[in-house]
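A short write-up of the structure that comes next.
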Amino acid sequence: MKRITLTLLCFYVSITAIAQSSVGNFESIEEQRDDVVEITTENAKIQVQFCTPEIVRFRTSWNGNFEENEHLMVSRYDWPETDFQVQENDETLVFTTEALKVQIQKTPLAIDVYNNDGELLNSESSSTQDLGAFNNNKKVGARKQLSSDEHFFGFGERMDFLDRRGKKVSLDVGRGLGKPHIIGAYNVLEANYAPVPFFMSTKGYGIFFHNSYETHWDMGLSDADSYSFEAEGGELDYYFIYGPKFPKILDGYTSITGKSPLLPKYALGLHVGTYSGGTWGHEEKTSEHYPVALVRKFRELEIPIDILHLDSTWRIFGENGGSGATTFEWRETFDNTEQMFDSIYDMNINMMGLHVRPRFDNGNKLRLLDEAREEGHVYPEDDNPGEFVNFFDQESVDWWWEKGAMNVVEEGAMFFKTDEGSAFGRKANESNKVGPKGEEIKSLHNLFPIAYSKAAFTKFQEHNNMRGMNHTREGYAGIQRYPFIWAGDWPSEWQYFEPVIKAGLNIGMSGVGYWSHNMGGFEHVADPELYIRWVQFGMFSPIAHLFGMEHPNYKEPWNYGEEAQKIFKQYDELRYNLIPYLYSNSYEMHKTGMPLMRALVLEYQNDPNVYEITDQYLFGNDLMICPVTTKEAKTRTVYLPEGNWINYWTGEKFEGKQYLNVLTPIEQMPIFVKAGAIIPTQEVVNYVGEKEIDGITLDVYPEGESSFKLYDDDGESLDYQNGEFSITEIKVNDNENQVVLEIETPDGEFEVAPRSYKVRVHSETKFSGIQINDKSFSENDDVINYEDDVLVVSPEQKSSESIEVILNKK
């Protein structure tokens, strides 16, 4: 058995260090090399690294040694050279970049950070408080001043609160453990499937605590004038990231932990999961016929769908781990699985995947657990040779892939749903098993889900010779590099609906943009009204994912009544309309870290009204989504942030900075469009790739100057990473006399086929004349018409050339 030790994660504090509670006074600058300055204090060594003018890394060691770089949480250590100046006097040591001033008080040592305007952002200096770095009984952490107007956002996929000022939280991958589940697994206060030790402050900075142990954060609960963060072990290592705007902070954080890659374009279509006709307790009803019939019904009803996965009952539950382990052996009720894959792919499903868990088991034919133990590819446990695949070891990953995964990959599986990564070193979701234990495991527990997801993502990406995709429940800092996350299995009850939305908002502010949930909930037959409202939200989530456990409904839309089926199809088609908009915003996420689903505070951080809004969000740049989370609601209150907003359904325009009471008929989830928006859409298809999209509709909501960058590539390969993409910039200028629309020539290495454009102008203004590329038209010409009082301009030709449309105001 090869045990891979990650040096960062296995730091044992010496007996001498335990006695030290602080770093003490400054003594000297011991070394300065490139962008790193090493400082000696009475009790510790401190490294200050200037990664960029806005990002500073602070590391503290009480034993004089700094840990080696790890590559699961952090993907970048090779920062460009950053210029900074050093000034020293008897009382302070000051480092200055073009964006920040880091002032270190010498006695006692304390770190204060200012912006280049002299505004104090973050402070450890105090004559009345015990602030700064500390080491206490193996715990390492820091305590800092809390400003009176400071609020905190992030911390991963939390379901309890948005603004964490005045609250405590512990971050350790897993869920509640008590029984019954209603106070354990379904306790939203303890839901921690994808915690991220990172926050953003409304003071204009963020902190990423680079530590894999369980961490504890007290954001002003114990002391209203300070906040603290600490880890159960490891090194005090954190990055200070200056914005001051949240999007800039998020860009900085994802520059450290990695940007999300682009998923295949069809991953923006509908994902459906199935228990193949037999959930737990009904396994005998499973067969290869059920998934085929399921896809056929979607196609017959012309409900668009692109991706299918078979959940856990596809496989034999083995001798040792039962449902909590993976045999990679088909259940006996599946007779001809190769034909099943062929039939489903013949119906133009773009990807088909299978649910797995990270523990090997023995089946009827495959003895993978025995063989893996013999060859040393599982992680040893106290009382047995182990069951968990050692995903920290590349040879073990290769063995898992070749001996296990390839049994189903060769038949047609193109991705995995990697479930229960939290069970490594913690009680498993589906049994009382804990797995490996010990000090080393405490440092690896939060990293295991990343290594697990990475293995599946990268192996499939290589095998399929295309972009990877992995569907997973758990994660930690850096999980965005191996998308996507789903929120876990929450019951189909109204009480869980809004907390799931909250989870999406928090994970988006923690660097994870591709996120999903089980539309309609997971367990129990849903109230049809809840099913409809949850589906409406689900279709306006980053990944649209339908999956349920209840037998025999399984959240399939036709099992929830005619009205539910109709509304399901309506919103599914609306999502497929929006694919150009979603794909372009996905590219923005890939470049900047801005998620598809954005809490309002992410763009309006200076508006206290949005700090606790947990049931509204921006979907991309320009659409505000307002799910209805109250049973039998006829109206709901909506807050409009700064700016002007247009009701998507009625066309009414409203000024921002106000609350509205809006109607909520069952078929309408309130949606508002930001004034100035340019929304590119396409025709509805049954699946992405069904036909070449040779026409784009632009829904334009003119106000001032605005623009949209329409992104194009081949939708599937990794060539975009080498510059094989193009961007078509679309600009609108709404001035006193005219509305001018410019569609520029696509710019980039990817060749965009000629396409036509239709422009829908949503404006209360009346127009007297229209020019298209210097040619004048009147309202009687065929290129101009009205649809529901919306002016529609349709330039005749397909073109790759620039187009200018001028609307002269009356």
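Within region 295-316, can you find the residues that are open to solvent by 10 Å² or more (accessible area, probe 1.4 Å), in contact (Cβ under 8 Å) with a residue 40 or more places away in the chain and at negative phi? If the condition is that a residue be open to solvent by 10 Å² or more (accessible area, probe 1.4 Å), in contact (Cβ under 8 Å) with a residue 40 or more places away in the chain and at negative phi, then R296, K297, R299, L301, I316 are the ones that fit. With the structure loaded, tell me whether Y617 is in contact with a His (Cβ under 6 Å, 6 or more places away or on another chain) and either free of Cβ contacts under 8 Å to residues at least 12 places away in the same chain or not aliphatic (A, V, I, L, M) (or both) or whether it fails that test. When the stated conditions are applied, Y617 does not pass them.
Filtering region 137-155 to residues that are of a type in the set (D, E, K, R), in contact with a strand residue (DSSP E or B) (Cβ under 7 Å, 6 or more places away or on another chain) and in a loop (DSSP other than H, G, I, E, B) leaves only E150. Summed over region 703-728, the residues that are surrounded by 20 or more Cβ atoms within 10 Å (Cβ to Cβ) and touching a Gly at 6+ places or on another chain (Cβ under 7 Å) give a count of 2. At least 2 residues being among the polar types (S, T, N, Q), closer than 17 Å to I55 by Cα and open to solvent by 10 Å² or more (accessible area, probe 1.4 Å) is the threshold, and among the strands (runs of 3 or more DSSP E) wholly inside region 185-247 not one reaches it.
The residues on offer are R373, R367, R331, and the sole one that is open to solvent by 10 Å² or more (accessible area, probe 1.4 Å), basic (K, R) and under 23 Å from V292 (Cβ atoms) is R331. For region 90-99, does any single residue satisfy the condition of being in a loop (DSSP other than H, G, I, E, B), of a type in the set (A, V, I, L, M) and open to solvent by less than 50 Å² (accessible area, probe 1.4 Å)? Yes, region 90-99 contains a residue that is in a loop (DSSP other than H, G, I, E, B), of a type in the set (A, V, I, L, M) and open to solvent by less than 50 Å² (accessible area, probe 1.4 Å). Which ones in region 152-173 are of a type outside the set (A, V, I, L, M, F, W, C) and surrounded by 24 or more Cβ atoms within 10 Å (Cβ to Cβ)? Matches in region 152-173: G154, G156, E157, R158.
Of the set (1) touching a helix residue (DSSP H, G or I) at 6+ places or on another chain (Cβ under 9 Å); (2) among the charged types (D, E, K, R); (3) not in a loop (DSSP other than H, G, I, E, B), all apply to R158 but (3). Of the residues making up region 526-546, those that are within 27 Å of N585 (Cβ to Cβ) and part of a loop (DSSP other than H, G, I, E, B) number 4. So is L72 of a type outside the set (D, E) and in contact with a helix residue (DSSP H, G or I) (Cβ under 6 Å, 6 or more places away or on another chain) or not? Against the criterion (of a type outside the set (D, E) and in contact with a helix residue (DSSP H, G or I) (Cβ under 6 Å, 6 or more places away or on another chain)), L72 qualifies. Residue count for region 539-579 under the criterion of being among the polar types (S, T, N, Q) and more than 25 Å from M624 (Cβ to Cβ): the result is 3. Checking the stated criteria, L741 turns out to be modelled with pLDDT of 95 or more and surrounded by 15 or more Cβ atoms within 10 Å (Cβ to Cβ). For region 438-482, what are the residues that are surrounded by 24 or more Cβ atoms within 10 Å (Cβ to Cβ), among the hydroxyl-bearing types (S, T, Y) and part of a helix (DSSP H, G or I)? Selection gives S443, Y452, S453. Here D699, D713 are screened, and the one residue that is in contact with a Leu (Cβ under 9 Å, 6 or more places away or on another chain), within 17 Å of L578 (Cα to Cα), touching a residue at least 12 places away in the same chain (Cβ under 8 Å) and not aliphatic (A, V, I, L, M) is D713.
When each of K674, K691, K731 is tested for being open to solvent by 60 Å² or more (accessible area, probe 1.4 Å), among the basic types (K, R) and within 25 Å of L791 (Cβ to Cβ), the lone residue that passes is K731. Restricting attention to region 33-45 and to residues that are touching an Asp or Glu at 6+ places or on another chain (Cβ under 7 Å) and not in a loop (DSSP other than H, G, I, E, B), the residue that is most open to solvent (accessible area, probe 1.4 Å) turns out to be K45.
Could you tell me whether any residue of region 614-634 is open to solvent by 20 Å² or more (accessible area, probe 1.4 Å), among the β-branched types (V, I, T) and more than 16 Å from K502 (Cα to Cα)? No; the residues of region 614-634 include none that is open to solvent by 20 Å² or more (accessible area, probe 1.4 Å), among the β-branched types (V, I, T) and more than 16 Å from K502 (Cα to Cα). Just to verify a result, which residue in region 174-184, among those that are in contact (Cβ under 8 Å) with a residue 24 or more places away in the chain and part of a loop (DSSP other than H, G, I, E, B), is least open to solvent (accessible area, probe 1.4 Å)? Top of the filtered list is R175. In region 782-810, of all residues being open to solvent by less than 60 Å² (accessible area, probe 1.4 Å) and assigned to a loop (DSSP other than H, G, I, E, B), the one that is farthest from I727 (Cα to Cα) corresponds to V783.
Mind listing whichever residues of region 744-776 are in contact with a Phe, Trp or Tyr (Cβ under 6 Å, 6 or more places away or on another chain) and either hydrophobic (A, V, I, L, M, F, W, C) or within 30 Å of N647 (Cβ to Cβ) (or both)? First the steps, then the outcome.
Here is the first cut: in region 744-776, the ones in contact with a Phe, Trp or Tyr (Cβ under 6 Å, 6 or more places away or on another chain) are 748, 750, 762, 770.
If the condition is that a residue be in contact with a Phe, Trp or Tyr (Cβ under 6 Å, 6 or more places away or on another chain) and either hydrophobic (A, V, I, L, M, F, W, C) or within 30 Å of N647 (Cβ to Cβ) (or both), then F750, H762, I770 are the ones that fit.
Restricting region 489-526 to residues that are over 18 Å from the mean Cα position of the chain (by Cα) and among the acidic types (D, E), which is nearest to E556 (Cα to Cα)? Restricting to residues being over 18 Å from the mean Cα position of the chain (by Cα) and among the acidic types (D, E), the top hit is E523.
Within region 371-387, can you find the residues that are on the phi < 0 side of the Ramachandran plot and outside any helix (DSSP H, G or I)? Let's see the steps before the verdict.
From region 371-387, those on the phi < 0 side of the Ramachandran plot are 371-375, 377-385, 387; that's our starting set.
Listed by number, the residues that qualify are H377, V378, Y379, P380, E381, D382, D383, N384, P385, E387.
Residue count for region 334-364 satisfying the condition of being touching a residue at least 60 places away in the same chain (Cβ under 8 Å) and either among the polar types (S, T, N, Q) or open to solvent by 20 Å² or more (accessible area, probe 1.4 Å) (or both): 6. Within region 100-124, being part of a strand (DSSP E or B), within 31 Å of the chain's Cα centre (by Cα) and not hydrophobic (A, V, I, L, M, F, W, C) holds for Y114, N115, N122.
Cβ separations smaller than 6 Å between residues 6+ apart or across chains give the following pairs from region 648-664 residues that are assigned to a loop (DSSP other than H, G, I, E, B) to residues that are of a type in the set (V, I, T): Y648/I671; Y648/V673; T664/V628; T664/T635. Restricting attention to region 59-80 and to residues that are out of contact with any Gly (no Cβ under 9 Å at 6 or more places or on another chain) and over 19 Å from G258 (Cα atoms), the residue that is surrounded by the fewest Cβ atoms within 10 Å (Cβ to Cβ) turns out to be G64.
A residue that is open to solvent by 10 Å² or more (accessible area, probe 1.4 Å), more than 23 Å from V23 (Cα to Cα), modelled with pLDDT of 95 or more and in contact with a His (Cβ under 6 Å, 6 or more places away or on another chain) can be found somewhere in region 267-285.
Going residue by residue through region 76-86, is there one that turns out to be modelled with pLDDT of 95 or more, within 30 Å of S453 (Cβ to Cβ) and part of a strand (DSSP E or B)? Checking region 76-86: not a single residue is modelled with pLDDT of 95 or more, within 30 Å of S453 (Cβ to Cβ) and part of a strand (DSSP E or B).
The values are calculated or read from the model by the stated rules, or taken from the named source; none is laboratory data. These figures come from a predicted structure and were not determined experimentally. Neighbour counts are summed over all protein chains in view; Cβ atoms, including those assigned to glycine, are modelled from backbone coordinates with ideal geometry. With ligands, DNA and RNA removed, areas are computed over all heavy atoms of the protein, side chains included. Shrake-Rupley method; radii C 1.70, N 1.55, O 1.52, S 1.80 Å.
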